[in-house]
Amino acid sequence: MNFLEERILKDGIVKPGNVLKVDSFLNHQMDIGLMEQIGAEFKRRFADKPVTKVLTIEASGIGIACFVAREFGVPMVFAKKSKSINIEGEMYVAEVESFTHKNKNQVIVSKKFLGPEDHVLIIDDFLANGCALQGLISISESAGATVEGLGIVIEKGFQIGGTVIRNLGYDLESLAIVDAMDPETGTITFREQ
């Protein structure tokens, strides 16, 4: 069992509807020491890739992606879920559906921050149905950038997202893959990796 699986067992809460709450250490309150470990582990797993940008989606991926970008010594770019008056010029746009929030959003990245010279590592906190990752892949491909890999903190292995992304031929690394959760007992079963 790795450091992340141990922390999920200690502090994660299983809720009905295939929801795993990890907001006490990952995606609301963040354990900075754990974030450093996550950043270092993604650096180890993708060390052979020529990463020039780390790409994520707001909001929960931002903190994690910052630690990963620091490990690689490259900028982090995040796709915004709404256009603000601060974004100027041309943008890449993709539509993504959120498993957690049960809604669709258009996400945008300014064309000045992503281009054909970039080698992108996509990072996110959770992988359920794969829509967010597919949106970020679409934005990267629209920019002409090379997707070097995708790093996920927690993958719900019993949902289709991981299979879909791997079947597309991408190098997907998940730090913890949950194969089953029982909200009545709080039991979490991890996939052997």
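The values are calculated or read from the model by the stated rules, or taken from the named source; none is laboratory data. Since the model is a prediction, treat every value here as computed from it, not as a measurement. Glycine gets a Cβ as well: all are built from the backbone with ideal geometry, and neighbour counts include every protein chain shown. We work out accessible area using only protein heavy atoms, side chains counted, and drop any ligands, DNA or RNA first. Shrake-Rupley method; radii C 1.70, N 1.55, O 1.52, S 1.80 Å.
Quick grid of which residues meet (1) in a helix (DSSP H, G or I); (2) under 14 Å from the mean Cα position of the chain (by Cα):
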residue	(1), (2)
Ser138	yes, no
Glu141	yes, no
Glu155	no, yes
Val178	no, no
Thr185	no, no
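Of all the listed residues (Leu121, Leu150, Leu133), the sole one being under 11 Å from the mean Cα position of the chain (by Cα), touching a residue at least 24 places away in the same chain (Cβ under 8 Å) and outside any strand (DSSP E or B) is Leu133. Inside the stretch 49-76, can you point out the residues that are modelled with pLDDT of 90 or more and either of a type in the set (Asp, Glu) or closer than 22 Å to Asn129 by Cα (or both)? Within the stretch 49-76, Val54, Leu55, Thr56, Ile57, Gly61, Ile62, Gly63, Ile64, Ala65, Glu71 qualify.
It is to be established whether one or more residues within the stretch 3-10 are in contact with an Asp or Glu (Cβ under 9 Å, 6 or more places away or on another chain), surrounded by 18 or more Cβ atoms within 10 Å (Cβ to Cβ) and part of a strand (DSSP E or B). For the stretch 3-10, residues in contact with an Asp or Glu (Cβ under 9 Å, 6 or more places away or on another chain), surrounded by 18 or more Cβ atoms within 10 Å (Cβ to Cβ) and part of a strand (DSSP E or B): absent.
Within the stretch 138-161, the set of residues being in contact with a strand residue (DSSP E or B) (Cβ under 9 Å, 6 or more places away or on another chain) and over 18 Å from Ser60 (Cβ atoms) comprises Ser138, Ser140, Glu141, Ser142, Ala143, Ala145, Thr146, Val147, Glu148, Gly149, Gly157, Phe158. Sort out which residues of the stretch 54-63 are touching a strand residue (DSSP E or B) at 6+ places or on another chain (Cβ under 6 Å) and either assigned to a helix (DSSP H, G or I) or crowded, with 24+ Cβ neighbours inside 10 Å (or both), and write them in order of number. Selection gives Val54, Leu55, Thr56, Ile57, Ser60, Gly61, Ile62. In the stretch 77-114, the residue that is modelled with the highest pLDDT out of those that are among the aliphatic types (A, V, I, L, M) and part of a loop (DSSP other than H, G, I, E, B) is Leu114. Being open to solvent by 50 Å² or more (accessible area, probe 1.4 Å) and within 23 Å of Pro75 (Cβ to Cβ) is a condition met by no residue of the stretch 147-167.
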